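One structure is given here, and the rest of the page talks about it.
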Amino acid sequence: MNDQVRKRWLLALVASGVCIATLVAATGQAVPAATGPAHAQTTAMAADPGEKIFAANCARCHTPPMTLNPRVTGTILMHMRTRARLSRKDEKLLLQYLAP
Amino acid sequence: MTTQSANRQIWKRKLRLIDRCTLRKTIGLLVLPSCILLGSTVGRAQDDLRAHTTAGYVPVISGAFAYIQNTSGGVQSLVPQIVPVLLAPMGHSLLLESRVEFTGFFQRENLPSEPFSGRFAGKVYKTVDYAQLDWLADSHATIVAGRFILPFGLYSERLAPVWIRNLQDTPFTYSIGTNPYGAADGFMLRGIAASLPSASIQYSAFMSAHSSTNELQAIRAVGGDTSFYVPSKRVEAGLSYQRTLEGYQINNEAAYFSWQPQRASVDLKAEYDRNHYGDGYWIEAAHIPQQFPVAPDFFRHVQLVGRMEQFFVRNGGGNGLARVNEQRPEVGLNFQIRDDWRLESSYGRLFSHNGNSNTWNFGFTYRFIWPLWPGRKS
C-alpha cells in the first residue's frame, strides 16, 4: 500500500475517533450499565462495595450475567478472579453481593 | 569453512546460549516467587468465605453453542460451534479449568461447471483451547500450570469466545502472538503487581515448552503482559511481549487500550500488534442505545458495532498473517434476546491487494452455565 492510501486510512481513523468522542460527550447523562443482577443498579455511585466492584469489573470483557445461580457463583468467581485479576477481598465482597 | 559461515555458526551458538539464559532466567522468575508464596500460604488459615454468603462451589459446565453463516467474496460457509468449558474447583484456592472447541466448517463443493456450487461438505475440527490448574495463591499471584491461552493482547484471551466477540470475523493481526497453536504448555504466574484505591497494575509472565502431543501442540516461548486499570474511569491500557524460542525465533509485541465510559454505554477497544512478518491495528466501538427516545425497552437489547482494522506486511508476511496489505471496515448489529441468547449480523468490506470483497455474517450464540450436581440450596 502506498503512503497516500495509508494516510487516507489513518485520516479516516482519526475522524471516526473524533465522531466517537463527540458521541460520548453528547450523551451527557450518566447511563446505568445495560446489565447486572436483576436486583442491582450497576452505576459507579453504587453504595454496596460488592456492587461497585461488579460495576467496575464485570463488564470489561463481556456482557455480565443478569443472574447467577448461587450454587455456581463461587466457582464462576474463582474462574473470573484469574481473568479479571481480582484481589481476594474483591472476590469476597462480590460473593456477598451476588449470593448474599 | 568460509569466514562467513564460521561467523554464522558463532552467532547461532550465541543465540542458542541467549535463549537458554532467557529460559533459565524465566524459570527462576517463575519458581522463586512461587516458592515464597507457597511458604507464605501453607499453614495460613483459609478465609471462610462461606460464612458470609450462600455461594456454592459445585463443578460447572459452561460454554456456548453458536451457528454462524458466513459469506466471504461470494463463497458461503456454515460454521456451527460447540464450546464446553469445564470448571472443577478443589477447595477455594484450586481450580481445574478446561475448554474444548468443536467447530464445523462446511462449504459448497466445487463442480466442474462452476466453483462452490455443489452440496455442502466439510468437517468438524476439535481443539483443546486450554486445560489448566490454577492455584489462586494470593491476591498478587495465581499460579497456572498446564495448557493455557497465551496472554497476549486483548483479543485471544478475553474476546475470542464466540459469545463474547461483538463481530464474528477475527482481526487480521490475531496470529501475532498466538501463531501457530494459540496456547502454551507450561507455567504462568499472574496477578496484581500493585494495587491502589485509584488504579491497579496487573501482570502475567509465562514460559512454554515444546509439545507435539496431538491436540496439545505448543512451541517453546516466553513472554508476559502488563496493564494498568483505573476502575473509576473503566480505562485499561497494556503491553504484551512474547519471544518464540524455536523455528523462526521472533519477537511479538502488542499495545492495547480499553475504555467503557460511564457517561455513555459505549465500549471502546483497540489493539496494535507487531512482529517480524507484519504489523497492524484494530479499533472497535460498541454501543447500546439504552436511552433511545422511542421504545427504549427494545433498544436496550440492541448493540451497534463498528470496527476498523489495517494490516501492513513486513518481510513477505505469512506465518498466519496475510501476504499483502489489507484493511477492513466492518459494522455489526446484534440483538441480545436474553442474557444468554444473542442474534448476530455484520457486514465488512475487505480492501486487499489481491482484490476487494464483501464479508457477511449472520447467526446466533447461546451461552450456558450448568451446575454438574445439585449442591447446597440457597
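If you take each beta carbon of peptide A:88-100 and count the beta carbons of other chains within 10 angstrom, what is the mean? All intermediate terms of the calculation are to be shown ahead of the outcome.
On the way: counts 9, 3, 5, 6, 6, 2, 2, 6, 5, 1, 3, 7, 5.
Across A:88-100, the average partner-chain Cβ count within 10 Å equals 5.
Rounded if a/c is under 1.5, else prolate if a/b is larger than b/c, else oblate: which is chain B, with a ≥ b ≥ c the root eigenvalues of its Cα gyration tensor?
Values: a/c = 1.56, a/b = 1.05, b/c = 1.48.
Oblate is the answer for chain B, as a/c is 1.5 or above yet b/c matches or exceeds a/b.
Hey, what's region B:232-378 come to in accessible area per residue, 1.4 Å probe, Å²?
48 Å²
For peptide B:182-195, how many partner chain Cβ atoms fall within 10 Å of a residue's Cβ, on average?
Going residue by residue through B:182-195 and averaging, the value is 1.
Residue B:262's amide H: which non-local residues (gap 5+, or another chain) put their own amide H closer than 5 Å, with H modeled 1.01 Å from N in plane and none for Pro or chain starts?
Sorted by chain and number, the residues that satisfy this come to none at all.
Please give the total accessible area that chains B and A bury against each other, computed with a 1.4 Å probe and expressed in Å² to the nearest 100.
So the total buried area for this chain pair works out to about 5700 Å².
Taking the highest mean first, how do the peptides B:276-287, B:257-268 order by number of other beta carbon atoms within 10 angstrom per residue?
Highest mean packing first, the order is B:276-287, B:257-268.
Hey, can you rank B:114-124, B:233-243 by average C-beta count inside 10 Å, highest first?
Ranking, from highest mean packing down: B:233-243, B:114-124.
For peptide B:256-264, compute the average count of partner chain beta-carbon atoms within 10 Å of each residue's beta-carbon. Mind dumping the intermediate values first?
On the way: counts 0, 0, 2, 2, 5, 8, 9, 8, 10.
Mean shielding by partner chains, rounded to a whole number: 5.
Determine the sum of side-chain charges near residue B:140: Lys and Arg each +1, Asp and Glu each -1, restricted to other residues whose C-beta is under 10 angstrom from that of residue B:140.
On the way: positive: A:85, A:88, B:190; negative: B:138.
Surrounding charge for residue B:140 is +2.
Taking θ = phi - 60°, what integer Hz values does the Karplus form 6.51 cos²θ - 1.76 cosθ + 1.60 yield along region B:247-261, in sequence order, with x for Gly and Pro?
Ordered by residue, 3J(HN,Hα) equals x, 7, 7, 10, 8, 10, 10, 9, 10, 9, 8, 9, 8, 10, x Hz.
What nm distance separates the two modelled labels at residue B:299 and residue B:347, each placed 7 Å from Cα along Cα→Cβ?
If labels sit at residue B:299 and residue B:347, their model points lie 2.1 nm apart.
Mind listing the long-range amide H neighbours of residue B:363? Cut-off is under 5 Å, sequence gap 5 or more, other chains count too, H placed in the peptide plane at 1.01 Å from N.
B:69, B:344
Mind checking the full-extension length gain between residue B:237 and residue B:292? Use 0.36 nm per residue of separation minus the Cα-Cα distance, one decimal, nm.
Details: separation 55, 0.36 × 55 = 19.80 nm, distance 3.04 nm.
Result: 16.8 nm gained on full extension.
Under the rule of at least 5 residues apart or a separate chain, name every residue whose amide H is placed under 5 Å from the amide H of residue B:76.
When sequence neighbours closer than 5 places are left aside, the close amide H contacts are B:108.
Given the rule -39500 (n - 2.57) for each run of at least 4 DSSP H residues, summed and divided by the residues of chain B, what is its mean residue ellipticity at 222 nm, to the nearest 500 deg cm²/dmol? Walk me through the numbers on the way to the answer.
Values: 2 runs with 43 residues, N = 378.
Estimated from H runs of four or more residues: -4000 deg cm²/dmol.
Quick check: at a probe of 1.4 Å, how many percent of the accessible area of region B:3-371 sits on carbon and sulfur atoms?
62 percent
The values are calculated or read from the model by the stated rules, or taken from the named source; none is laboratory data. Just so you know, these numbers come straight off a predicted model, no measurement behind them. We place every Cβ from the backbone using ideal geometry, glycine too, and count neighbours over all the protein chains shown. For accessibility, only protein heavy atoms count, side chains too; no ligands or nucleic acids. Shrake-Rupley method; radii C 1.70, N 1.55, O 1.52, S 1.80 Å.
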